[in-house]
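Have a look at the structure below before the remarks.
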Amino acid sequence: MNDREEWSDILHKIASPVLSQMAAGKLRRNMPMEYSPTWDGRNKQVAYMECFARLMAGIAPWISLPDDDSREGRARRTLRERALRSYANAVDPDSPDFLFWEGEMQPLVDAAYLAHSFLRGYECLWEPLSRETKERYVARFKRLRLVTPPYNNWVLFPALIETFLMVAGEEYEMYRVSLAIHKMEEWYVGDGFYSDGPGFSFDYYNSYVLHPMYVECLETLSEYVGTSYLPLYRQALGRMRRYAYFLERLISPDGYLALGVNGHQPRIVDYYTNTGSLYMASLVFLPLGLPESHPFWTERAERWSSQLVWEGADVSKENK
């Protein structure tokens, strides 16, 4: 089994139970859920939206690749068909898997991940949806303007939603996008790191919010609004690459869809973490959205830093 086959098998193993159940309207009924022992009392229904939205943000590029009759291609096609049914159920008030869209702040976060999935797979995941389903998403996205985001990475969530609305040809609020751009530039602290608001936090929010969502906004604006955004986009892309240099040295080579670092260790998690939160792990598999012919898959795999260091290799410091 080559690397791509292994990656696709793992992602299929992660995604299939969720999408098979949600496509049938049975996710709420059958998904086992665990919540942080220090849960802060928010509505626990947010967990299902976290699960679906974060999974789709990671899987969207892969299942949007052209169909083929390979084993991987058949798996992608099945998952895409189930994803489209799941998208419809997520906004259908009559579905048992209608998601938790309002009443608290958390839905803004995962609505942004759903918007991100549509941007990453627009032709295959947004365009095939029925007119009614599209109208429901647009209405839900716009209603979330009632949520005032905290003064930190959250400014990117409405920005990404508004960016998607722009691409979809809907009325959008450019102010929310511009605010996020100004704040991100203000909060850049160097060496690939953004501050999470006025105060710096040394955590992984740079990985799955600050860099990817900011770059997505700028790339989309460069394409749909004008080339004046290209310098910012290229700069942000360079910062993300610099961040990846450090991130590769900060992560463990293994991972689990459980509350813990190595197996089940629930006391280590944040107060808002639940089983649905863990589907952020799907973002690791974004390279599957690259075709098999891409150098990422065809060139020889290199050993990562922790391997080189603990093998005693002569590791040098990389220049900026």
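Derivation of every value follows stated rules applied to the coordinates shown; laboratory data play no part. Since the structure is predicted, the reported quantities are computational estimates derived from the model, not experimental observations. Heads up, the Cβs are rebuilt from the backbone with ideal geometry, glycines too, and the neighbour counts pull from every protein chain shown.
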Would you tally the net charge around K142, using a Cβ to Cβ cut-off of less than 15 Å, leaving K142 out, and scoring K and R as +1, D and E as -1?
0
Suppose R0 equals 45 Å. What FRET efficiency, 1/(1 + (r/R0)^6) with r the Cβ-Cβ distance, do N30 and S178 give to the nearest 0.05?
0.55
Using the Cβ atoms and a cut-off under 14 Å, what net charge is assigned to the surroundings of A57, where Lys and Arg are +1 and Asp and Glu are -1?
-1
Suppose every Lys and Arg Cβ carries +1 and every Asp and Glu Cβ carries -1, with no other charges. What dipole size does the chain come out with about its Cα centre, to the nearest 20 debye?
460
By its C-alpha gyration tensor, with a ≥ b ≥ c as the square roots of the eigenvalues, how is region 40-135 shaped: rounded for a/c under 1.5, else prolate for a/b larger than b/c, else oblate?
prolate
Return the distance in nm (one decimal) between the two label points of a simple spin-label model at S16 and D68, each offset 7 Å from Cα along Cα→Cβ.
2.0
I'd like the GluC sites (Glu not before Pro) in region 134-194 restricted to DSSP loop residues with at most 12 other Cβ atoms within 10 Å, sorted by number.
E171
GNM result for the chain, Cα springs below 10 Å: residue of L283, L230, L218 fluctuating most strongly
L230
Among L237, N30, L19, the residue whose Cα sits farthest towards the positive end of the charge dipole of the chain (+1 at Cβ of Lys and Arg, -1 at Cβ of Asp and Glu, taken about the Cα centre) is N30
What are the chymotrypsin sites (Phe, Trp or Tyr not before Pro) within region 270-313 that DSSP puts in a loop, where the Cβ has at most 14 other Cβ atoms within 10 Å?
Y271, W304
Give me the one-decimal nm value for the distance between modelled label points at Y122 and E5, 7 Å along each residue's Cα-to-Cβ direction.
3.6
Could you tell me how far the Cα centroid of region 56-101 sits from the Cα centroid of region 282-309, in Å?
24
Which of R300, R77, R28 moves most in a GNM of the chain, Cα contacts under 10 Å?
R300
Helix-only [θ] at 222 nm, the chain, -39500 (n - 2.57) per DSSP H run of 4+, per residue, nearest 500, equals -15500 deg cm²/dmol
Gain upon complete extension [T227, H294; 0.36 nm per residue less C-alpha separation]
21.4 nm
Scoring only Lys, Arg, Asp and Glu (+1, +1, -1, -1) among other residues with Cβ under 9 Å from the Cβ of D67 yields +2
What shape does the chain have by the C-alpha gyration tensor, where a ≥ b ≥ c are the square roots of the eigenvalues, rounded means a/c under 1.5, and otherwise prolate means a/b greater than b/c and oblate the rest?
rounded
Region 123-225 pair-distance distribution - Cα-Cα, 5 Å bins, rounded %:
2, 12, 22, 21, 18, 13, 7, 4, 1, 0
Please build a GNM for the chain, connecting alpha carbons under 10 Å apart, and tell me which residue among I268, I181, I161 fluctuates the most.
I268
Would you please give the FRET efficiency between R145 and N43, computed as 1/(1 + (r/R0)^6) with r the Cβ-Cβ distance and R0 = 22 Å, to the nearest 0.05?
0.65
What's the extension gain from M105 to E170 if we count 0.36 nm per residue and subtract their Cα-Cα distance?
21.1 nm
Of the residues F100, F296, L278, the Cα lying farthest along the dipole of the chain towards its positive end, which is defined by charges on the beta carbon of Lys, Arg, Asp and Glu, belongs to F100
For region 56-69, what does the Karplus curve 6.51 cos²θ - 1.76 cosθ + 1.60, with θ = phi - 60°, yield as ³J(HN,Hα) per residue in whole Hz, taken in order and with x for Gly and Pro?
5, 4, x, 8, 3, x, 5, 6, 8, 5, x, 5, 8, 9
